[in-house]
1. Name the pairs: first residue in the stretch 157-176 and without any contact (Cβ under 8 Å) to a residue 40 or more places away in the chain, second residue assigned to a helix (DSSP H, G or I), Cβ to Cβ under 6 Å, at least 6 apart or on different chains?
2. I'd like the full set of residues that are in contact with a Cys (Cβ under 9 Å, 6 or more places away or on another chain) and either under 27 Å from E404 (Cβ atoms) or free of Cβ contacts under 8 Å to residues at least 40 places away in the same chain (or both), limited to the stretch 602-624.
3. From (1) exposed (fewer than 14 other Cβ atoms within 10 Å of the Cβ); (2) assigned to a strand (DSSP E or B); (3) among the acidic types (D, E), pick out the condition that doesn't hold for E458.
4. Checking the condition charged (D, E, K, R) and modelled with pLDDT of 80 or more, which residue from R558, R544, R526 passes?
5. Kindly evaluate W218 against the criterion of being part of a strand (DSSP E or B) and surrounded by fewer than 16 Cβ atoms within 10 Å (Cβ to Cβ).
6. Restricting the search to the stretch 646-664, which residues are more than 18 Å from R606 (Cβ to Cβ) and of a type in the set (A, V, I, L, M)?
7. Just a yes or no: is a residue in the stretch 433-452 out of contact with any Leu (no Cβ under 6 Å at 6 or more places or on another chain) and in a helix (DSSP H, G or I)?
8. Kindly provide the set of residues from the stretch 573-617 that are in contact with a Gly (Cβ under 9 Å, 6 or more places away or on another chain), farther than 16 Å from L650 by Cβ and part of a loop (DSSP other than H, G, I, E, B), ordered by number.
Amino acid sequence: MARKVVNRRIGGARRVRGTGKRQSPSVDRKRAGGGGAGSSGMELLEAVWEAAPVAFCLTDARGQCTRTNAEWRRLSGLTDAESRGDGWIRCIHPGDCAVVIQNWKRAKREGRVFVDDFRILRPDGSVRWVRARASAIRDPVGRLMGYFGIDEDVTERRYDDEFRRLVLGVASELATATTLSEALPRLLEILADGLGAALGEFWERDSVTDTLRVVQVWFAPSSRKLARFVRHSERLEIPLFDGMPGRVMSTGKPEWISDLGRNPKFFRRRAAVRAGLKSALAMPVSFHGRVIGVMAFLGHRTDPPDVEWMRLLHTLAGQISQFMECQHTSEALVRSEASLRRAQSMARLGSYQTDLAREVTTRWSREGFSILGLNPRDPVPRPDQFLARIVHPADRLRIADSLELAARARRSFDLQFRIVRPDGTVRHVQNTGEPVLDGKRRLTGWVGTFWDVTDRKELERGILEASERERRRLGQDLHDGLGQRLTALELFSESLAADLGTAAPHLAGSARQMSRELRKTLVQTRLLSHGLSPVPLEADGLMRALRELATGVGSMARVRCEFEAPKPVALGDSTVATHLYRIAQEAVNNALKHSGATRIRIRLNRVSRGLELEVGDDGEGLKEAKHSEDGIGIRLMQFRAELIGASLELRSKPGRGTLVRCVLRKLP
């Protein structure tokens, strides 16, 4: 009788050598005496085997599956019977099967643990990723009895890692690229690598021919077959509704072709077969609901991408669409800013924006630097630096007061002042600003524009000076011409009245009446002449004119008007003297019209190398609206002061009167 040798248990049964028969576990238990403890232990092992959260698989020494657990059957979608033998090998994805078998044989040959990640294709067509580990089972003398395999479902982890890598790769390329054409080659490479494709294309509509053309292609440059296919594709012009790109462009839906050589709707099928390409996937790229491009990936695999991959591609296409939208917006903004810069340059208009919380100027246009005579590469001047370094010293106090009033009222401002460029030249600018308010209507900054009005100021100066010269000429003509004739007529009429008193007494009364009317006309002519040319040409003409102004106001109005000049002031420039007189005259008129004053004081005094003119009253003071730069009279006084190089200051408080001070630092 042959000797019977029992092997180690495999798959819950054992084989008896020499008989070729399997012996069930129940026989073992009976031979062991039917022990209840052994039966309970086996039942526990069976329960653990079936309830394990990972897939178990046992094979014999030849790799033929002998047993699986419930998790394996759930993961693979196969029954235990379908998995037995080489059934477990047939569930490996066709695209991975050859590599897995090769790695399995290598691990067996080298006597090491088999570890590999691969896909399995379930009977329902779905794909799962597994991480498989298989260890050899040996008897006490080291003979191979079989393999114990553990398979872990890593589909979600694999997809998450792969998707994260692709999304980050695409996002990184889009973040560093300035245009889509710059980013497309790398994007196509990243996506083709993730899909396992050999070639990636981007099709775009040609607005001239109204067809689709390839604008970007990625493929492995070492492949001559693919290079020929790419050259063939680049020569094509596909109608908008034909071919794979045309259909995707028109429908806005992705398309998958599993066998390019047998698909008559794929125009390049012969070229694809020669290049060894078997399948193609095309995805639309949309912008504002309109398909603007098509991404196509061609490769050797024949199985379609699963649902997760299609979702990922849709997400990535959305990223590209968002990039194109941002690029479109950015290009529109660049064009708008370029147009604005050209318009500002043509109009010599500068713009700025300030942030009061940070005390900085956040934006300063290029034309603004040009107006100020600054280098655009220099730091943007802060608001305090602008006032302290750029605004003319004679205008700083006035501008600071006006800005403070505008800030308190949270309203816009419109100011004219002088600036001093770094090279020392003086320019006139006009500055308008609008307040920037937060949700609680608190002032957070200003946004405004300013422009160079020097040429306009020079023209206005010329017009004003010409006007003053013409007024002076008319005044002198009235005084020297018409005034002298009226004086002569007055004397003649008086002589005529005396003669008629003896020769024709009944006509003497009419002659005397004519003489009185001539006297009135002469007085009016002299007043008109004085109004047109109020300042005599002599050096002390300004003092005399101001004294006459005070006397005239005091005699005609119910106001006490006084003139003070602690020291004699001689001013040889009649133009400067006339402007100072007009400033005083405007200030006196404002006091008479608006302040309700009972006393007005005009004061002219020498200061250092210049002079100071003050007009003050004891009236109600100007309201804030009148205190602004908006009043025509105030602006005219300011304009006259700027013409002669003087500074003008206006101070007023409710109930405490108004003071206008004009300081001429240097006498002409």
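The values are calculated or read from the model by the stated rules, or taken from the named source; none is laboratory data. From a predicted model like this one, the values you see are computed outputs, not experimental measurements. Reconstructed Cβ throughout: ideal geometry from the backbone, glycine too, with neighbour counts over all protein chains shown. Each accessible area value is taken on the protein alone, full model and side chains, heavy atoms only, with ligands, DNA and RNA left out. Shrake-Rupley method; radii C 1.70, N 1.55, O 1.52, S 1.80 Å.
1. Once the first residue is without any contact (Cβ under 8 Å) to a residue 40 or more places away in the chain and sits in the stretch 157-176, its partners that are assigned to a helix (DSSP H, G or I) give G169/I190; E173/A183; E173/R186; E173/L187.
2. E612, L613, E614, V615
3. Only one criterion in (1) exposed (fewer than 14 other Cβ atoms within 10 Å of the Cβ); (2) assigned to a strand (DSSP E or B); (3) among the acidic types (D, E) is unmet by E458, namely (2).
4. Numbers: R558 fails: modelled with pLDDT of 80 or more; R526 fails: modelled with pLDDT of 80 or more.
The match here is R544.
5. On the way: part of a strand (DSSP E or B): yes; surrounded by fewer than 16 Cβ atoms within 10 Å (Cβ to Cβ): no.
It is false that W218 is part of a strand (DSSP E or B) and surrounded by fewer than 16 Cβ atoms within 10 Å (Cβ to Cβ).
6. Those that are more than 18 Å from R606 (Cβ to Cβ) and of a type in the set (A, V, I, L, M): L648, L650, L659, V660.
7. No, because not a single residue in the stretch 433-452 is out of contact with any Leu (no Cβ under 6 Å at 6 or more places or on another chain) and in a helix (DSSP H, G or I).
8. G596, T598 - these are the residues of the stretch 573-617 that are in contact with a Gly (Cβ under 9 Å, 6 or more places away or on another chain), farther than 16 Å from L650 by Cβ and part of a loop (DSSP other than H, G, I, E, B).
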